[in-house]
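In what follows, a single structure is set out as structure tokens and then discussed.
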Amino acid sequence: MDRALKMVYYDEANVEKDIFAQLSLAQKHFLGDGMPRDESATRRILDQIHRQSRAFAAVCYGYMRSKGLGVAEDLGEGQQWYREAAYWFNEEATGGGPVSANNLGYLYAKGLGVQENAETAAHWFEEAIEFGSVAALYNLGVCYLNGWGVPQDDEKAVGYFERASDLNDPSAVSVLAYLYLEGRGVNRDPSKSFEFNMRAARAGSVEAASALGYALGVGLGAERNIAESISWFELAASEGDAYAQANLAMYFCHSSDLKLFNRGWTMLSHAVDQGDASAKYQMTQIQIFGVPHREPDYANALDLAMDLAELGHPGGYHLIGVMYEHGLGVPVDMIRAATWYERAARKGSANGQAALGRLYAIGSGVDQDNVLAYYWLKMSAPTEGSQAQREMGAIHARMSEQERKVAEKYVSDNPGPRRGSFGLKPLEKDVFKSGRSRKA
């Protein structure tokens, strides 16, 4: 899911939704993409959006024209509709409207109907906060997290997310879960990350539900529980989360039950055909290592991994490294393995970081180096009792006091690549409450 397309509204049941996800769903219904073709479902979704707001109706038409959703694709006309939306948002924002000030910031951030300008976007988010916008608290936090229009500052980002979280914004809670997992702006705390994800998931965050599925599957911040992991992945998958769908399919593919395997394999194959990177990554693992009802297929695995690598997917880099390290369909080549692991590690792959740390520890494919071994293993953020944590402990134990000081300084001076990214959320919750006026 593209988190840069966060436009939140509430439906009649006051259930938080993602507007662009709804538009995307309308497009899928219209094209029959991953579901039966249903133009009436498309119309229902669009009609609900159109009824709510003149400005957002213009945004919706702009999206439709830009994406060719139910109409001929026309980027120029799409921008014209976005310009109309910007006009109405600006009129209302200058009068102190928190919703419109926030939305105008989003349009400037994305260059929709106006010249893209990150500084102006941040300015309008600040204005919207002064007017009382919760969504703008989240958006300005994202700006500080990414250095968009303001100096990059993780601690300031945390402050804005905490303020939004205190006002029950589930998106902010979800980002705080990520920040506590990565130790950005706060001390790393997987348990607290898990708690935030649980809170966000219960408030309706699909991303948080998917994150819980992963955490429970590997025992990250909570005791490992496969049944609970599957349950959360099923919930997120039912809402269209591609990562959850791929992981759920992976569970099914590992089952000894042939019916479950066939279900999982069909899910993965369909998602791979649709070009989903998460599914392609899971399919590659199956082709490399095999599962009860499927033998390894190294030739196909290498093709899939190379496809992922061409997309810049760190998991593809890591899996190619695995194949060269163990001679799976290719000759054993530790130098090539280390090269691919390093590419994965520098793109934020925890598996790649752990693998590269292990090679530095034993001096295979690279020169032996305790400091770099410790650094990359630590960057992988190993879970309690994991192999990576044990290896990191063993390296630390054999280092001299001087090496330990050098290693800790290296970790401090080189925080490493960041995993995960979060985008903007442009609409506040009250925009789409029909029959109600905007907040003053």
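The values are calculated or read from the model by the stated rules, or taken from the named source; none is laboratory data. None of these values were measured; they are calculated from a predicted model. Neighbour counts run over all protein chains shown; Cβ positions are idealised from the backbone, glycine included. For accessibility, only protein heavy atoms count, side chains too; no ligands or nucleic acids. Shrake-Rupley method; radii C 1.70, N 1.55, O 1.52, S 1.80 Å.
Quick notes on this structure:
- Among the helices (runs of 4 or more DSSP H) confined to segment 254-351, the ones with at least 1 residues that are under 26 Å from the mean Cα position of the chain (by Cα) and touching a residue at least 40 places away in the same chain (Cβ under 8 Å) are located at 258-273, 277-289, 334-346.
- Flag if residue 73 is open to solvent by 30 Å² or more (accessible area, probe 1.4 Å), of a type outside the set (A, V, I, L, M) and over 31 Å from the mean Cα position of the chain (by Cα): no
- Qualifying residue in segment 391-399 (condition: under 30 Å from the mean Cα position of the chain (by Cα) and under 14 Å from residue 414 (Cβ atoms)): no
- Segment 131-152, residues that are within 12 Å of residue 106 (Cβ to Cβ) and either polar (S, T, N, Q) or open to solvent by 40 Å² or more (accessible area, probe 1.4 Å) (or both): 133, 139, 148
- The requirement of being open to solvent by 40 Å² or more (accessible area, probe 1.4 Å) and closer than 24 Å to residue 309 by Cβ is fulfilled nowhere in segment 364-375; no residue meets it.
- Selection over segment 220-240 of residues that are part of a helix (DSSP H, G or I) and of a type outside the set (D, E, K, R) gives a count of 11.
- Looking across segment 97-130, the residues that are open to solvent by 10 Å² or more (accessible area, probe 1.4 Å), in contact (Cβ under 8 Å) with a residue 60 or more places away in the chain and part of a helix (DSSP H, G or I) come down to 109, 110.
- Looking only at segment 166-176, and only at residues there that are in contact (Cβ under 8 Å) with a residue 12 or more places away in the chain and farther than 20 Å from residue 234 by Cβ, the one that is farthest from the chain's Cα centre (by Cα): 167
- Residues of segment 78-96 that are aliphatic (A, V, I, L, M) and either closer than 25 Å to residue 167 by Cα or not in a helix (DSSP H, G or I) (or both): 93 alone.
- Residue 255, sole failed condition from (1) surrounded by fewer than 22 Cβ atoms within 10 Å (Cβ to Cβ); (2) under 13 Å from residue 319 (Cβ atoms): (2)
- Residue within segment 157-174 that is touching a Phe, Trp or Tyr at 6+ places or on another chain (Cβ under 6 Å) and either closer than 23 Å to residue 379 by Cβ or surrounded by fewer than 23 Cβ atoms within 10 Å (Cβ to Cβ) (or both) present: yes
- If only residues of segment 19-62 that are of a type in the set (Phe, Trp, Tyr) and at pLDDT below 75 are counted, the one that is farthest from residue 88 (Cα to Cα) is 20.
- Criterion (assigned to a loop (DSSP other than H, G, I, E, B), under 22 Å from residue 238 (Cα atoms) and of a type in the set (Gly, Ala, Ser)) met by exactly one of 213, 149, 204, 217: 204
- Of all residues in segment 135-151, those that are over 11 Å from residue 124 (Cα atoms) and among the aromatic types (Phe, Trp, Tyr) have Cβ atoms under 6 Å from Cβ atoms of residues that are open to solvent by less than 10 Å² (accessible area, probe 1.4 Å) and assigned to a helix (DSSP H, G or I), 6 or more apart or on another chain, in 138/164; 138/172; 144/157.
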